[in-house]
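Heads up, the thing below is written out as C-alpha cells.
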Amino acid sequence: MQTGMHTDTERCVRAVRSKDARFDGWFFTAVLTTRIYCRPSCPVVPPKPANMTFYPSAAACQQAGFRACKRCRPDTSPGSPQWNQRADLTARAMRLIADGVVDREGVPGLAARLGYSTRQVERQLLAELGAGPLALARAQRAQTARLLIETTPLPMADVAFAAGFSSVRTFNDTVREVFALSPSELRARVPKNRAAGSMPGAAPGTTPGALTLRLPFRTPLNPDNLFGHLAATAVPGVEEWRQGAYRRTLRLPYGHGIVALTPGPDHIACRLTLSDPRDLTVAISRCRRLLDLDADPAAVDDQLRADPLLAPLVDKAPGRRVPRTVDEAEFAVRAVLGQQVSTAAARTHAARLVTAHGDPVDDPEGGLTHLFPSAVALAAVDPETLAMPRTRRTTFTTLVSHLADGSLNLGVESDWAETRARLLALPGFGPWTADVIAMRALGDPDAFLPTDLGIRRAAGELGLPSTPAALTARAAAWRPWRAYAVQYLWATDSHPINFLPV
C-alpha cells in the first residue's frame, strides 16, 4: 500500500503556511475548530497546526463530518496526480470512479472490472484514502452538482439526476451536508455578472444548451505541443481546430457529446454540448485525461532537469503535458493506421473510416459530422475494402476483433504492463506501436519510444545516445517520467505537432 502525503504532517503544514497551489489535490486540510476542509492554497489565514488534520481525499473529509470551505472551494481542486502515475488497484479504481463506473454499475461493477472482490476493493480504498468507493463517488456527485447549479439554469431536479443522484431528496441532503448551503442558496451566491452558462474564460461562440466551465490544472502548462499535437493529427469530421479551440465529438455511456477546449493561463475553458446530461461527469473526466490536466509538472520537470542535456529543453518551455485521448480503442486503431505513413496519410485513412462507418452527429456550430467508429462497427468491415498493405490490414482486423469481443481491454482500469504484453502478442505490433498506445491511450507516464525516428534524431542533436539500447539505458535516470521526456525531445523538431495553431 502506498503512503500518501497526508501522513507527513510537517510537510503538509509547510505547504499550508506557504499557500502552495502545487499541492492542491494532493491532500486536504481539515480544521478542527471550524469543521471545514480546505485546499492547501486556501487564501484565509492558516489555522494553528494543533487545529489542523490532513486527509487524502475530499470524500474522507466529508465522511469525517467536515464541510467544504466556501472561499477556496476544495472540491474543485485539480485531481491528485497519483491516479495517473500509478497502475495499482487503488489508482485503477480511482480512474474508474472518475469515469462514473460506480454511478452506472455500482460497487460490484467496479470490483468486477478490477478483477477483485468488493470487500478487497473497499478495504484497499478505505485504507489508503479514508473512504470507500460509495463515499468517493458521492463526493464526485456533489462536485458535479455544484458545477451544474452554478453554471447552468437547469431545474434542480434535472441537476440532481444529471449529477448521478438517485433522488432529489438525496441530492438536497448531500449538497447541504457537503457545502452547508442548500442547492438554491448555492445558486443565489453566483455573482450577477456571471450568468448561468457563461463562466469567465469560456470559449467564444457559445452554443445554446452548451455547458461552459473551467478545467483547473497545476501550473505551468505549456499548450504548444499539447494542442499542437491534437490539431495536427485531427481526423476530419471528428476533430477540428477553430477560433483558438480544439473541438471534437465524444462517444459517452448515455449518448454523445461535442466539446471545445481552449487553453488559458490558469485553466482550460471547456464548452460541452451533451445529448444526455448524465454524461457530464464522464465527459469532464475524459477531457482532463486527454489534456493530462492532473499531472504534477514540478515533479516531472525537476526530475528531467537533473539530466544536463535535457535541462535546457525543460527550462526553455516547462510544463509540457502528454497529449492523450478520450477513447482508448479509437487511439489504438489510429496508431495502427499511422504505422509507417505520414501524419497527413494517417488522417486520410482515418477520415475514410469515419465517413463510411462512423455514427453521424449534428454539430450546431458545423464542422463536426461523426463519432469515430466503434470497435464493433470496424470489426464488421470487409477487409478487402481497406486501402492499406495486406500486413497492416491483418494488424488492423486482428486489433478491432479483439477490441470488439472484449479479449483486449484498453480502458482506464487496465494494467499497463499486462496490456502492453497483450499488444505485443498481436501480429504487426512492435515496440513502437505498443509503447505509443501505452503512452497516449493507457496513460503510462513512463512509456518510452527509443526506436522513434524523431526521438533518435533529437537525441543525436543533443549529444544523447542515439541507438535504442544505449538511449534506453540513459533514459533510466528519467524514470518514472520518460513519456514527458519524449515530449521535450519531440519538441526540438519543426513538425506542426509542436506548435499551437494560429
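The values are calculated or read from the model by the stated rules, or taken from the named source; none is laboratory data. Since the model is a prediction, treat every value here as computed from it, not as a measurement. Don't worry about glycine lacking a Cβ; one is built from the backbone with ideal geometry, like all the others, and counts go over all protein chains shown.
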TODO: Hey, can you tell me all the residues within segment 432-471 that are within 19 Å of L313 (Cβ to Cβ) and among the polar types (S, T, N, Q)?
DONE: S466
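Quick grid of which residues meet (1) farther than 26 Å from D24 by Cβ; (2) among the basic types (K, R); (3) surrounded by fewer than 21 Cβ atoms within 10 Å (Cβ to Cβ):
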position: I258; (1), (2), (3): yes, no, no
position: D266; (1), (2), (3): no, no, yes
position: A269; (1), (2), (3): no, no, no
position: V282; (1), (2), (3): no, no, no
position: L290; (1), (2), (3): no, no, no
Open item on the list: Restricting to segment 122-156, count the residues that are among the acidic types (D, E) and closer than 25 Å to A112 by Cα.
Closed with: 2
Open item on the list: Looking only at segment 20-45, count every residue that is crowded, with 18+ Cβ neighbours inside 10 Å, assigned to a loop (DSSP other than H, G, I, E, B) and not small (G, A, S) and tell me the total.
Closed with: 4
TODO: Using the structure shown, decide if L423 is modelled with pLDDT of 95 or more, over 19 Å from R251 (Cβ atoms), aliphatic (A, V, I, L, M) and within 24 Å of the chain's Cα centre (by Cα).
DONE: yes
Task: In segment 261-277, the residues that are in a strand (DSSP E or B) and in contact with a Leu (Cβ under 8 Å, 6 or more places away or on another chain) - done: L261, P263, H267, I268, A269, C270, R271, L272, T273, L274
Task: Single residue of L136, L96, L125 found to be within 19 Å of Y254 (Cβ to Cβ), crowded, with 17+ Cβ neighbours inside 10 Å and either in the same structural domain as T170 (by TED's automatic domain parsing) or β-branched (V, I, T) (or both) - done: L96
Task: segment 300-325, residues that are under 23 Å from A441 (Cβ atoms) and surrounded by fewer than 17 Cβ atoms within 10 Å (Cβ to Cβ) - done: none
Open item on the list: If I ask for residues that are in contact with a helix residue (DSSP H, G or I) (Cβ under 6 Å, 6 or more places away or on another chain) and at pLDDT 95 or above, which ones from segment 466-490 would you list?
Closed with: L471, A475, W478, W481, R482, A483, Y484, A485, Q487, Y488, L489, W490
Task: Unmet requirement for E365, which otherwise passes all of (1) touching a strand residue (DSSP E or B) at 6+ places or on another chain (Cβ under 9 Å); (2) charged (D, E, K, R); (3) closer than 30 Å to T467 by Cβ - done: (3)
TODO: Looking for whichever is free of Cβ contacts under 8 Å to residues at least 40 places away in the same chain and not β-branched (V, I, T) here; the options are A93, A112. Which one fits?
DONE: A112
Task: Failed item in (1) modelled with pLDDT under 95; (2) part of a loop (DSSP other than H, G, I, E, B), with A447 passing the rest - done: (1)
TODO: State yes or no: is A346 in a helix (DSSP H, G or I), aliphatic (A, V, I, L, M) and over 17 Å from S401 (Cβ atoms)?
DONE: yes
- [ ] May I ask you to list pairs of residues, at least six apart or on different chains, whose Cβ atoms are under 7 Å apart, with the first in segment 400-427 being within 23 Å of W83 (Cα to Cα) and the second being among the hydroxyl-bearing types (S, T, Y) and surrounded by 17 or more Cβ atoms within 10 Å (Cβ to Cβ)?
- [x] L410/T419
- [ ] Evaluate the following for R119: is it over 24 Å from A417 (Cα atoms), out of contact with any helix residue (DSSP H, G or I) (no Cβ under 6 Å at 6 or more places or on another chain) and in contact (Cβ under 8 Å) with a residue 24 or more places away in the chain?
- [x] no
TODO: Hey, can you tell me all the residues within segment 169-193 that are among the hydrophobic types (A, V, I, L, M, F, W, C) and either touching a residue at least 40 places away in the same chain (Cβ under 8 Å) or over 12 Å from M156 (Cβ atoms) (or both)?
DONE: V178, F179, A180, L181, L186, A188, V190
- [ ] Would you check if there is a residue in segment 207-221 being on the phi < 0 side of the Ramachandran plot, at pLDDT 95 or above and buried (at least 22 other Cβ atoms within 10 Å of the Cβ)?
- [x] yes
Open item on the list: Six or more apart or on different chains, Cβ atoms under 7 Å: show the pairs whose first residue is in segment 480-502 and within 12 Å of M439 (Cα to Cα) and whose second is small (G, A, S) and surrounded by 15 or more Cβ atoms within 10 Å (Cβ to Cβ).
Closed with: R482/A447; R482/A475; A483/A447; A485/A475
- [ ] Within segment 46-66, track down each residue that is buried (at least 18 other Cβ atoms within 10 Å of the Cβ), of a type in the set (A, V, I, L, M) and either within 25 Å of the chain's Cα centre (by Cα) or at pLDDT below 95 (or both).
- [x] A58, A59, A60
